[in-house]
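S.K.: Quick one: structure below, then a few questions.
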Amino acid sequence: MITAAPPSSTQTPNEEDVSVKHARAIHERVLTLDSHIDFTPADLISERNYTQRLDTQFNLPKMIDGGLDGLFFSIFVAQTRESQNGEALKAPGYERAYHRAVEKFDAVHHFTHVIAPENVELAFSAVDARRIYAEGKKIAFMGVENGYALGEDLRVVKEFYDRGARYLSLTHNGHNQLADSHTGERDGWKWHGVSPLGEQVIAAMNRLGIMVDVSHGSKDAMMQIATLSNAPIIASHSAVRALCDVSRNMDDEELLALQKTGGVIQVVAYNGFIKTTKAESPERLSARKSAPGDG
């Protein structure tokens with residue numbers, strides 16, 4: 001979403017008002033899109049659902065209040081449990097992940113077709129999005145976070161496309177059968193980028209029209225994807241490493257490679273990825289320890 005930048009110390013109150021008005025005017029005339037919304041399936045299918053003003057970051061009332069026109073529901077599947085069971089890159093792990101992904105696809109379809117069809121509609125293309133926007137409804141897309149759920153069957157790429165997936169990230173936290181994750185900076189590397197199967201998945205996504213999402217990938221994987229993909233790529237929820245030095249974020253070389261493909265980065269609005277916390281000075285720590293009432 002577009003919001004007004006915080007006023008600088010040199011701005012007068014009048015200049016601040018003008019900045020806010022300008023930002024709001026832009027916001028009101030463009031189609032605003034959040035490219036990554038995590039969700040719990042139960043909130044899309046039960047009596048307690050996202051049509052209500054829940055104590056959640058996302059729901060339809062908040063979407064309306066904020067002027068958000070569209071979103072990508074994230075079909076996210078972790079592989080933590082499989083890793084703990086030693087089955088992360090084996091058939092049983094893939095099967096469990098696949099079924100969890102299908103559960104999320106089904107929940108989005110239920111929400112948009114049964115729970116709130118008068119408020120939000122599922123889009124499968126940019127043409128759909130423009131039509132839904134013109135009709136005054138909210139736009140729902142779907143994107144897959146973590147290609148782990150594909151297993152080793154390329155036919156699942158087409159299945160996920162048919163279910164509505166319009167972007168897919170090869171990895172999440174931890175290497176999988178498709179590519180290395182950013183976590184390799186701590187844990188070491190498996191593929192040193194994209195695996196042979198991952199290359200085939202990228203080609204299939206290009207053929208079908210699924211955007212390749214490089215968020216959570218290693219730098220080598222990201223740079224290889226930028227070369228392998230014959231379509232623009234995206235980073236659906238990343239941030240800038242020069243400003244916050246964490247492995248999830250993209251450095252200047254990656255950003256320039258992303259730009260060269262014609263792609264975009266959507267900055268994740270999460271404190272740990274946009275702001276580097278500075279260590280407290282010895283003087284401040286000493287002062288805190290000696291402060292009255294500080295146990």
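S.K.: Starting from segment 143-160, take each residue that is more than 16 Å from GLY209 (Cα to Cα) and list its partners that are in a helix (DSSP H, G or I) and of a type in the set (A, V, I, L, M, F, W, C), counting only C-beta distances under 6 angstrom and pairs at least six apart or across chains.
M.R.: Close Cβ pairs satisfying both conditions: TYR148/ALA97; ALA149/ALA97; ALA149/ALA101; LEU150/VAL156.
S.K.: Ok, one more. Using beta carbons and a limit of 6 Å, which pairs, at least six apart or on different chains, have the first residue in segment 74-90 and more than 25 Å from ILE210 (Cα to Cα) and the second one part of a loop (DSSP other than H, G, I, E, B) and at pLDDT 90 or above?
M.R.: Qualifying pairs under 6 Å: none.
S.K.: Scan segment 72-88 and tell me whether some residue there is modelled with pLDDT of 85 or more and loosely packed, with under 12 Cβ neighbours inside 10 Å.
M.R.: no
This table checks each residue for (1) surrounded by fewer than 20 Cβ atoms within 10 Å (Cβ to Cβ); (2) among the hydrophobic types (A, V, I, L, M, F, W, C); (3) farther than 19 Å from LEU208 by Cβ; (4) over 21 Å from the mean Cα position of the chain (by Cα).
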| residue | (1), (2), (3), (4) |
| --- | --- |
| GLU95 | yes, no, yes, yes |
| ARG100 | yes, no, yes, no |
| GLU103 | yes, no, yes, no |
| ASP106 | yes, no, yes, no |
| VAL114 | yes, yes, yes, yes |
| PHE124 | yes, yes, no, no |
| GLY136 | yes, no, yes, yes |
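S.K.: Considering segment 212-229 alone, what residues qualify as being outside any loop (DSSP other than H, G, I, E, B), without any contact (Cβ under 8 Å) to a residue 60 or more places away in the chain and either surrounded by fewer than 22 Cβ atoms within 10 Å (Cβ to Cβ) or under 19 Å from the mean Cα position of the chain (by Cα) (or both)?
M.R.: Listed by number, the residues that qualify are VAL212, GLY217, LYS219, ASP220, ALA221, MET222, MET223, ILE225, ALA226, THR227, LEU228.
S.K.: Out of segment 130-159, which residues are in contact with a Leu (Cβ under 7 Å, 6 or more places away or on another chain) and part of a helix (DSSP H, G or I)?
M.R.: TYR133, GLY147, VAL156, VAL157, LYS158
S.K.: Is there any pair with a first residue in segment 259-285 that is in contact (Cβ under 8 Å) with a residue 60 or more places away in the chain and more than 12 Å from CYS244 (Cβ to Cβ) and a second that is small (Gly, Ala, Ser) and assigned to a strand (DSSP E or B) whose Cβ atoms are under 7 Å apart and which are 6 or more apart or on different chains, and what are they?
M.R.: GLN266/SER35; GLN266/ALA235; GLN266/SER236
S.K.: Right, another one. Here are PHE58, PHE72, PHE39: which of them is in a strand (DSSP E or B), closer than 30 Å to THR171 by Cβ and of a type outside the set (Ser, Thr, Tyr)?
M.R.: Criteria check complete, one pass: PHE72.
S.K.: Any residue at all in segment 233-248 that is among the β-branched types (Val, Ile, Thr) and more than 17 Å from the chain's Cα centre (by Cα)? Can you show your working first?
M.R.: Keep residues of segment 233-248 that are among the β-branched types (Val, Ile, Thr), which gives 233-234, 240, 246.
Next, from what is left, pick out any that are more than 17 Å from the chain's Cα centre (by Cα): none.
No, there is no match, as no residue in segment 233-248 is among the β-branched types (Val, Ile, Thr) and more than 17 Å from the chain's Cα centre (by Cα).
The values are calculated or read from the model by the stated rules, or taken from the named source; none is laboratory data. Quantities reported herein were computed from a predicted structural model and do not represent experimental measurements. All Cβ positions, glycine included, derive from the backbone under ideal geometry; neighbour counts span all protein chains shown.
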